[in-house]
Structure formats: C-alpha cells, structure tokens
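First the structure, in the form of structure tokens, and then the observations on it.
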Amino acid sequence: MTEPSFLGTTRAAYDSIAADYAARFQGELAGKPLDRALFAAFAELMLAAGAGPVADIGCGPGHVTAHLHGLGLTALGVDLSPEMVALARRSNPGLRFDEASMTALGLPDDHLGGIVAMYSIIHIPPDQLPVVFAEFHRVLAPGGHVLLAFQAGDERRHVTEAFGRPVSVVAFLLPPGHVAGVLRQAGLEVRALLIREPYEGLESDQRAYLLARKPLAGQDA
C-alpha cells in the first residue's frame, strides 16, 4: 500500500530536527504542572484498572514515555521518525520504542491499556482523523483510555523553518468539539475536555486536552 504523502513529509521534517527538538523539549514537563497532573490522573486510572501497557504515540525523544514509566506504568513509545526513535532509545535504554505511524501501529488488537498522544495528531489531515482513531480503537483493550493534547483552533499552517533549519510540514489547529465528535464516531466515549490558555511568552494558541475511553464489552460509546 502506498504511504500517504503527509507521513513522508512529517517523517522527513522531524528526522532533520530530531537532535534540536530533543534538546529543547527533553525537560519541558518540569514547567508544565497541569500536564503532569493530567498524567498523574491518567496513571491512576490505568493502575486502578490493572490495565495493560500504555503507548506514547508520537513520542519524539521519549520524555513523556519516561515520565509515564516513572508513574508506575508499563510504557512504550511509538514515533514515525527513525531519528527520534534512535534518540529515545539512547536516552532511555530500558524502555521500548517502536518506529510506526499512528495510521498503522503494528500492535495486536485489544493490546493496550492506554494511549497518550501529546501534540502528535496535529500533523494528521482532519479528514484522516477517523483512520487514526479507528486504529486507536483497534489496539485499545475494552476499558482502555486515550489522552490527547493538541493546539485548539481551526487552521492549516505550513511550517517552513524550525530550529533555524528549513523544513516543510503542515500542522493543523483543530476544533476540540470536532475532535471529540470524531472520537465518538470511532467508538470511543469522551470522558473529559479541557481547554487552557497559552503559557504567556511561550505559546500563542490555546491548548486542548481530551480524555476518551473504549467501552467495556456490551457497552455503547
């Protein structure tokens, strides 16, 4: 099957900036108390349910994967960029990192207890979100949760420079209500939606967080 072009351009962009990206974002959670609180709540849900492994999808250099591991979860990272995966493996030699796209994760059905996707769905064209969320639904065990974070809005941006290097990648600001609707259409029930204002001096767009759940057998989304 021919790979969608947006996957190739996204992979090439992140391969080219992997080292600079890792240096910039490796310690970012230290300054994001709300993100840490959401991860802690997510981990509590997983541990209380005795859930299976959690996949950090679009893991980049693996800092969120490592944070989830530190919260007591069996965490693995998945990224489209081989350079990012290589960096994550070097930084976190005891953790598992796979190279795959979120349209085809290469994991068994009902395998995961949870999915975290932090700012990684922004490179998925909106008309392809149903494909991605269907794949999330497939690999999640019944009762498993998805935690998404993304820039809120309704805009297509073509990024041509990052960390002083030329790139060519498209990023989408997404309406939170629309994303919630696509999750529901994929069979995932939305449990929480939070929107926060940008961190002053660091960000320019609102951020959205969505928590969704794959229903237990016999339940409807």
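The values are calculated or read from the model by the stated rules, or taken from the named source; none is laboratory data. Every value quoted in this text rests on a predicted model; they were computed, and no experiment measured them. Cβ sites come from the backbone with ideal geometry, for glycine too, and all protein chains shown count toward neighbours. What goes into the accessible areas is simple: the full protein's heavy atoms, side chains included, and nothing from ligands, DNA or RNA. Shrake-Rupley method; radii C 1.70, N 1.55, O 1.52, S 1.80 Å.
Some notes on this structure:
- Looking across V190, V146, V182, V159, one residue alone is more than 29 Å from A48 (Cα to Cα) and not hydroxyl-bearing (S, T, Y). It is V159.
- Hits in region 124-134 - residues which are surrounded by 22 or more Cβ atoms within 10 Å (Cβ to Cβ) and in a loop (DSSP other than H, G, I, E, B): I124
- Verdict on R138 being touching an Asp or Glu at 6+ places or on another chain (Cβ under 8 Å), of a type in the set (K, R) and open to solvent by 40 Å² or more (accessible area, probe 1.4 Å): yes
- Members of region 167-184 that are loosely packed, with under 14 Cβ neighbours inside 10 Å and touching a helix residue (DSSP H, G or I) at 6+ places or on another chain (Cβ under 8 Å): S168, H178
- With respect to the conditions (1) open to solvent by 20 Å² or more (accessible area, probe 1.4 Å); (2) in a strand (DSSP E or B), G144 lacks only one, and its number is (1).
- The number of residues in region 68-120 being β-branched (V, I, T) and more than 15 Å from the chain's Cα centre (by Cα) comes to 1.
- In region 200-219, residue surrounded by the most Cβ atoms within 10 Å (Cβ to Cβ) [restricted to those that are within 23 Å of L173 (Cα to Cα) and aliphatic (A, V, I, L, M)]: A212
- Subset of region 188-199 [open to solvent by 20 Å² or more (accessible area, probe 1.4 Å) and of a type outside the set (D, E, K, R)]: V190, A192, L193, L194, I195, P198, Y199
- Figure legend. Inter-residue proximity from region 100-129: first residues free of Cβ contacts under 8 Å to residues at least 12 places away in the same chain, second residues open to solvent by 30 Å² or more (accessible area, probe 1.4 Å) and outside any helix (DSSP H, G or I), beta-carbon distance below 7 Å, spacing 6+ or different chains. Indicated pairs: G106/D98.
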